[in-house]
Amino acid sequence: MPVETRTINRTPRAQEDAIWANLTFGDQGYVLIENPDKHGLPPGVTNGADRQRNVYGVSWTHQLHCLMMIRDEYHSMQGRHKRDRRDGHGDIHHIEHCFDYLRQNIECVSDMTIEWADKERTRNGDLQINGYGINHQCRKKVSS
């Protein structure tokens, strides 16, 4: 899988909501795999067209979905907006699933990049390690 060097930088607060709102994955990160048994895959979920069980998820979009759910719930708790819980994604079991799923994926990736103190200090004047301005080797989402 191709990799690229990417620097993790602080996102300006004024741009945060727009960036999160523009994280779209087409069909929510699902992929249709024809003849999954030929690829050694167990059955996926049923597609709407011909009812075959050949629809699968992609881990990085599932991870972002979970992070978005946690972020939305946090903002709802802060009174920034109301969550529409009719979609079944706002219940506590789904949020707990997301925490557990993200923890396991972070452990799986185990990015060993060394992070150092930021030049900017906390409000108390303490040094902090926030991970900004540091290069990481990241998988490219799209091969060139």
Region 124-144, subset part of a loop (DSSP other than H, G, I, E, B) and β-branched (Val, Ile, Thr), residue modelled with the lowest pLDDT: Val142
Taking the residues in region 1-44 that are loosely packed, with under 11 Cβ neighbours inside 10 Å and touching a strand residue (DSSP E or B) at 6+ places or on another chain (Cβ under 8 Å) as candidates, determine which candidate is farthest from Asn135 (Cα to Cα). Met1
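Just the residues that are open to solvent by less than 100 Å² (accessible area, probe 1.4 Å) and without any contact (Cβ under 8 Å) to a residue 60 or more places away in the chain, please, taken from region 124-144.
The answer is Gly125, Asp126, Gln128.
Take the conditions surrounded by 10 or more Cβ atoms within 10 Å (Cβ to Cβ), at pLDDT below 85 and outside any helix (DSSP H, G or I) and apply them to Arg121. Does it pass?
no
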For region 14-46, the count of residues that are at negative phi and within 19 Å of the chain's Cα centre (by Cα) equals 14
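The values are calculated or read from the model by the stated rules, or taken from the named source; none is laboratory data. Please read all numbers here as calculations on a predicted model, not as lab measurements. Please note: Cβ atoms are built from the backbone with ideal geometry, for glycine as well, and neighbour counts cover all protein chains shown. Please note that ligands, DNA and RNA were not included when accessible areas were found on the heavy atoms of the full protein model with its side chains. Shrake-Rupley method; radii C 1.70, N 1.55, O 1.52, S 1.80 Å.
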